[in-house]
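The values are calculated or read from the model by the stated rules, or taken from the named source; none is laboratory data. All figures in this text were calculated on a predicted structure; none of them were measured in a lab. Cβ placement follows ideal geometry from the backbone for every residue including glycine, while neighbour counts extend to all protein chains displayed. For accessibility, only protein heavy atoms count, side chains too; no ligands or nucleic acids. Shrake-Rupley method; radii C 1.70, N 1.55, O 1.52, S 1.80 Å.
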Amino acid sequence: MAEQRGWQVAERYVDDDVSAYNGRVRPEYQRMLADLRSGHVEAVAVWHADRLHRHPRELEEFMEVCTSVNVTLLASVSGDIDLATHDGQFLARILGAVSRKESDDKSRRAKRKHQELAEAGKIAGGGTRPYGYESDKRTIRESEAAVIRECARQLLAGESLRSLCSELEERGVPTVTGAPWKTQTLRRSLMSGRISGQREHHGELFPASEWPAIIGPAETTRIRALLNDPSRRTNRSVRRYLLVRLLRCGHCGEFLVSRPRAGGARGYVCAVGPNFSGCGRISALAEPLEQLVLDAVFYRLDSAELASALTSAPADEDGNEWQRELERSQAQLEELAIMYADREISRPEWRVARAPIEQRITDARKRLSKLTRTSVLDGHVGSGADLREQWTTLPLSRQHAIVSAVLDHVIVGPGRRGLNRFDPSRFQPVWRL
Ligand SMILES: [Zn+2]
């Protein structure tokens with residue numbers, strides 16, 4: 001296959017006799033992940049996509065690694081998967097769900113015991129002490145519980161995991177093991193069902209019977225929606241460029257990407273090239289544009305329109321309805337994949353059936369992230385001037401969260417030929433609120 005495509009085989013990874021499913025470590029697989037991370041390989045070829053992962057968590061990790069280094073192609077004899085598109089990621093997940101179903105059938109009996117424990121909300125054996133609880137895993141450790149509550153609040157207010165971690169480090173707050181805080185550690189802790197008194201089993205949550213909650217279940221719902229949101233990128237450029245994913249090309253509609261000019265000045269462009277799908281006809285200097293957008297946002301925060309848009313927001317404040325809708329639709333998708341695996345439906349039928357379900361999932365995700373976005377604005381509505389004063393003291397992730405709570409995007413039109421100064425008339429904001 002590589003030969004056919006004119007690819008150079010950089011490396012082979014063979015894990016003989018180690019099933020992807022039983023959870024045992026696969027040394028070669030790990031080495032492949034490491035090579036991906038280091039940028040040593042540009043694409044991955046497998047016999048069949050289901051040979052690569054037998055667990056959704058592994059698949060998610062794999063996709064995360066691929067995204068972080070811009071590897072977009074998973075090639076297999078039965079067809080390629082373009083991981084750069086939502087469709088491709090979705091297909092990878094479905095293939096994962098199908099192969100998991102097959103393996104599940106084999107080991108279902110062994111799992112029944114765990115399932116029973118989970119449904120009874122009981123503690124599973126083993127593992128280190130969970131953050132926020134004593135080593136009996138039942139008693140709340142108040143000092144750590146306070147950290148969890150505070151981090152959850154700040155995260156939902158738009159703070160990034162990264163800046164929360166460095167704050168904890170600065171304050172000398174210890175982790176369970178004494179190791180430094182990492183975004184992954186904090187992420188896992190904040191996303192866990194445990195801290196809202198829920199027992200998790202294979203992605204499902206059951207009310208726990210053996211330990212008390214630190215935060216509410218609705219908070220867990222929102223934290224999960226926030227951290228699972230596919231549009232959330234922990235992209236490095238987000239930190240220096242305020243308007244990433246907020247500017248759209250007036251010609252082709254693509255998002256502009258950040259790119260420094262030859263002289264070092266920051267800029268945004270509609271990019272063309274192998275990893276981009278823009279038209280290359282639009283660019284803008286970052287500094288004056290960001291200033292313009294900020295002025296508009298501060299002004300908007302004090303406007304009557306925004307205040308009324310916020311008060312007419314839906315009454316379901318914690319998003320439980322939408323979370324349920326999301327879960328129902330995801331279960332339906334999985335059911336559909338299983339019907340496909342069992343050959344009850346054909347591939348075209350599967351494709352037709354999944355479209356409305358995917359639409360419902362997208363809608364529910366949008367609603368959930370809208371709830372979180374508006375809570376980013378707590379305390380800022382009607383006080384645009386105050387916000388302007390403290391603006392430069394806020395971390396960029398927070399700034400970005402505030403701007404994107406108000407602003408959906410800005411359409412960037414072409415510059416006028418021969419005009420060398422900043423021209424505000426090129427920019428057309430589209431408000432969210
Ligand atoms: Zn364009």
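Residues checked against (1) within 13 Å of E58 (Cβ to Cβ); (2) open to solvent by less than 60 Å² (accessible area, probe 1.4 Å); (3) at pLDDT 80 or above:
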| site | (1), (2), (3) |
| --- | --- |
| G6 | no, no, no |
| V9 | no, no, yes |
| S38 | no, no, yes |
| A43 | no, yes, yes |
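Go through region 129-162 and give me each residue that's open to solvent by 40 Å² or more (accessible area, probe 1.4 Å), part of a helix (DSSP H, G or I) and without any contact (Cβ under 8 Å) to a residue 60 or more places away in the chain.
The first filter runs over region 129-162 and keeps only residues open to solvent by 40 Å² or more (accessible area, probe 1.4 Å), leaving 129, 134-136, 138-143, 146, 149-150, 153, 162.
If we keep only those that are part of a helix (DSSP H, G or I) as well, we get 142-143, 146, 149-150, 153, 162.
The answer is E142, S143, A146, E150, R153.
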Would you say S329 is touching a residue at least 12 places away in the same chain (Cβ under 8 Å), of a type in the set (S, T, Y) and outside any helix (DSSP H, G or I)?
no
When (1) surrounded by 17 or more Cβ atoms within 10 Å (Cβ to Cβ); (2) at pLDDT 80 or above; (3) under 30 Å from Q198 (Cβ atoms); (4) not hydroxyl-bearing (S, T, Y) are applied to A92, the one that fails is (2)
Which of the residues that make up region 250-303 are in contact (Cβ under 8 Å) with a residue 60 or more places away in the chain, away from the ligand (no atom under 16 Å from the Cβ) and not in a helix (DSSP H, G or I)?
L285, D302
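Listed here are the residues, each with its yes/no results for (1) out of contact with any His (no Cβ under 9 Å at 6 or more places or on another chain); (2) hydrophobic (A, V, I, L, M, F, W, C); (3) more than 27 Å from E167 (Cα to Cα); (4) in contact (Cβ under 8 Å) with a residue 40 or more places away in the chain.
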{"residue": "I357", "(1), (2), (3), (4)": "yes, yes, yes, no"}
{"residue": "D363", "(1), (2), (3), (4)": "yes, no, yes, no"}
{"residue": "L377", "(1), (2), (3), (4)": "yes, yes, no, yes"}
{"residue": "T392", "(1), (2), (3), (4)": "yes, no, no, no"}
{"residue": "Q399", "(1), (2), (3), (4)": "yes, no, no, yes"}
{"residue": "S404", "(1), (2), (3), (4)": "yes, no, no, yes"}
{"residue": "V410", "(1), (2), (3), (4)": "yes, yes, yes, yes"}
{"residue": "P414", "(1), (2), (3), (4)": "no, no, yes, yes"}
{"residue": "G418", "(1), (2), (3), (4)": "yes, no, yes, no"}
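Select from region 139-178 the residues that are among the aliphatic types (A, V, I, L, M) and more than 15 Å from M191 (Cα to Cα) and list them in ascending order.
Here is the first cut: in region 139-178, the residues among the aliphatic types (A, V, I, L, M) are 140, 145-148, 152, 155-157, 161, 164, 168, 173, 176.
If the condition is that a residue be among the aliphatic types (A, V, I, L, M) and more than 15 Å from M191 (Cα to Cα), then I140, A146, A157, L168, V173, V176 are the ones that fit.
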Residue among S103, S107, S76, S99 that is more than 23 Å from P217 (Cα to Cα), surrounded by fewer than 13 Cβ atoms within 10 Å (Cβ to Cβ) and at pLDDT below 85
S107
Qualifying positions in region 167-176 - loosely packed, with under 15 Cβ neighbours inside 10 Å and either touching a Leu at 6+ places or on another chain (Cβ under 6 Å) or assigned to a helix (DSSP H, G or I) (or both)
E169, E170
For residues that are open to solvent by less than 20 Å² (accessible area, probe 1.4 Å) and touching a strand residue (DSSP E or B) at 6+ places or on another chain (Cβ under 8 Å), scanning just region 212-227, find the one that is farthest from R367 (Cα to Cα).
I214
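Looking at region 335-433, what helices (runs of 4 or more DSSP H) fall wholly within it and have at least 2 residues that are within 23 Å of R222 (Cα to Cα)?
On the way: elements: 347-376, 384-390, 396-406.
Passing ranges, in order: 347-376, 396-406.
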